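The values are calculated or read from the model by the stated rules, or taken from the named source; none is laboratory data. Keep in mind the model is a prediction, meaning the values are calculated, not measured. Every residue, glycine among them, receives a Cβ derived from its backbone with ideal geometry; neighbour counts consider all protein chains shown.
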Amino acid sequence: MGTATLTLTAHDVTETQELVLDGVQRDLPAGALAETLARRMALPDDVPWALRDNVTSRVLDEKLPIGDQLSPAGSLTVFPRTHLG
Amino acid sequence: MSGASSGAPRVLAELGFSPGPRPGVYRGPGVALREDGGWPVLAAPAAAARPQDLLVGQLGGPGLWKTVPRRSPKGAARNGAPVAAERVFQLPPGLLPLVQNEPPAETWDADLVRDVLTWALATAGGRAPSGWTAPPPAALWDLLAGRGEDGGPRAAPALTVSAGPCARQASLVREDARLALVCPVVSAIPEGLSPPRRAALEGLLLDAHRRWPLVRVGLATDSSGATGSGGAGGEARAEVDLTGAPLAALERLLAAAADALRWVVAWIVRSAELVIDTARTLRAVDGLTLQPARA
């Protein structure tokens, strides 16, 4: 378990905040990581948050482990999971 | 309850338990059986130990046994003085319906009592019961999911612990001779962590280890968690080990284990992350001077 971790960089969608996270479990679901990052960035807690891989621009599946989806660069954007109705 | 709903006191006698000095206590082979806040507890004596030593070498052992301080160590956690300790094997309330000298027979499931106590006594020696094999993974996930109100199967829980700015993923460890729910608290403790911060982290972990039934919290430096140096670095981990648990009790044990693990990790993970974050100044911790243990 001790080695099954990632180091990643994340910023919010306006790129005003950037965080470097060590020791992120590879098997942590992307959705849980998104909420964690949003809390650390003090983003509004009444909005669901999601993650986008900055290399592939792919939106990560919230239910799947982060380690199975993230490209080696480990660079993410936290963005609100909303859409226009 | 099965049809074997009587004769549990006889089962206790078969296993070597006899009524103790006061109601609610039985004495068995090397252990006492008592109730503590609604939790049936088997307890055995343990040698006095330095608090930080109780965090090392307990992870990975079979069953629910753990060695805990008898009382909150408080100052002893910082100065390293030995504290009185005991080994305990705690069971979820309701699993053994009552621990009384003369419990109503209809509340007992003698087979369940026999199986659970046999499991506890077998693992007291540090080994899984002979011949025991963990159920297949699919069956375990079904048990972990439990049943909905309509009796149908529910989706398996994700075992994700979210606590504000922290999240951890617990895992179900299943090998033929091992069954446990395991969750990291700190994946990698910084090697250069100062002694006061190390002591604060150990105090936090030990408090969780002592307070929370079912859950062992400790330090590991290898993947199995069976050994650890307790020195710099390593991993802080919480686990509930159900190796050897009888199948009849496994669904309730798994549910209780998942809940206990979730609560304890959510309770300490934010404080643990704060203590290891060397980029922050913690005046309440960084200014402490550790006193050497008194002889």
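What the table below lists for this structure:
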| read-out | value |
| --- | --- |
| Flag if A:Leu64 is more than 14 Å from chain B (Cβ to nearest Cβ) and within 15 Å of B:Gln169 (Cβ to Cβ) | no |
| Exclusive hit being more than 14 Å from chain B (Cβ to nearest Cβ) and within 30 Å of B:Leu181 (Cα to Cα), set A:Leu70, A:Leu28, A:Leu8 | A:Leu70 |
| Residue count for the range B:156-167, restricted to those that are outside any loop (DSSP other than H, G, I, E, B) and more than 7 Å from chain A (Cβ to nearest Cβ) | 2 |
| Subset of the range B:66-87 that is out of contact with any Ser or Thr (no Cβ under 6 Å at 6 or more places or on another chain) and hydrophobic (A, V, I, L, M, F, W, C) - its residue that is modelled with the highest pLDDT | B:Val68 |
| Qualifying residues in the range A:12-22 (those that are surrounded by fewer than 18 Cβ atoms within 10 Å (Cβ to Cβ) and in a strand (DSSP E or B)) - the one farthest from the other protein chains (Cβ to nearest Cβ) | A:Glu18 |
| Where B:Val113 falls short, out of the listed (1) part of a helix (DSSP H, G or I); (2) over 17 Å from the mean Cα position of the chain (by Cα); (3) at pLDDT 90 or above | (3) |
| Whichever residue in the range A:52-75 is touching a residue at least 40 places away in the same chain (Cβ under 8 Å) and touching a Ser or Thr at 6+ places or on another chain (Cβ under 7 Å) and, among such residues, is surrounded by the fewest Cβ atoms within 10 Å (Cβ to Cβ) | A:Ser75 |
| Pick from the range B:168-192, criterion touching a Ser or Thr at 6+ places or on another chain (Cβ under 7 Å) and among the charged types (D, E, K, R), ranking: farthest from the other protein chains (Cβ to nearest Cβ) | B:Asp176 |
| Any hit, the range B:141-160, residues being of a type in the set (D, E, K, R), closer than 30 Å to B:Leu12 by Cα and modelled with pLDDT under 90 | no |
| Only listed residue being modelled with pLDDT under 95 and exposed (fewer than 13 other Cβ atoms within 10 Å of the Cβ), chosen from B:Ala248, B:Ala255, B:Ala295 | B:Ala295 |
| Test for A:Ala34: is it within 14 Å of another protein chain (Cβ to nearest Cβ), in a loop (DSSP other than H, G, I, E, B) and of a type in the set (Gly, Ala, Ser) | no |
| Hey, A:Leu8 in a helix (DSSP H, G or I) and surrounded by 12 or more Cβ atoms within 10 Å (Cβ to Cβ) or not | no |
| Index of the failed condition, A:Pro44 passing every other in (1) under 10 Å from the mean Cα position of the chain (by Cα); (2) more than 10 Å from every other protein chain (Cβ to nearest Cβ); (3) within 16 Å of B:Pro165 (Cα to Cα) | (1) |
| Qualifying position, being surrounded by 18 or more Cβ atoms within 10 Å (Cβ to Cβ), in contact (Cβ under 8 Å) with a residue 40 or more places away in the chain and within 18 Å of B:Ala260 (Cα to Cα), among B:Gly28, B:Gly38, B:Gly60 | B:Gly60 |
| Flag if B:Ser72 is in contact with a Lys or Arg (Cβ under 6 Å, 6 or more places away or on another chain) and more than 22 Å from B:Gly234 (Cβ to Cβ) | no |
